[in-house]
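I have placed the structure first, in the form of structure tokens, so that the comments after it can refer back to it.
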Amino acid sequence: MEQNFVERINKSLMDLKMEIISKLIVSNKDFKEIVEGMDPKDLADSASDDIDRKMIEAIGSQELKRLKLIDSALTRIQQGKYGLCMKCGKRIPQDRLEAIPYALMCIECKTAEERRNR
């Protein structure tokens, strides 16, 4: 995978992560109180660190799931495994990764999983 593309996706994932955290701060008083005392550079790492119980309660389950997927994608970038389907190991098309930068599976595997879960 092109290094330029991976760097652009990495920045996009970090921006998305900060956007989610910022929205949570604005919309959730408990979450705001938790992060007010944090150093701004620690804020980006707050979702990937061992989140304290209050923070988990403050974050909606959908947003928590998205933060975990984003952190997983960032980890795969660091490990050089970004863009590989977690199911079949094939490359995930760049168009899919641009649409869903934290995608875990290629379209075929994701479709098959969704069919099984119906």
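The numbers here are math on the coordinates, done by the rules we state, and not lab data. Here the structure is a predicted model, which means the values were calculated and not measured. Virtual Cβ from ideal backbone geometry, glycine too; neighbours counted across all protein chains shown.
Quick notes on this one:
- Cut-off 20 Å (backbone N to label point 7 Å along Cα→Cβ of Glu108), residues of region 64-91: 82-91
- Farthest toward positive dipole pole in region 60-118 [+1 Lys/Arg, -1 Asp/Glu at C-beta], among Ala103, Cys85, Leu69: Cys85
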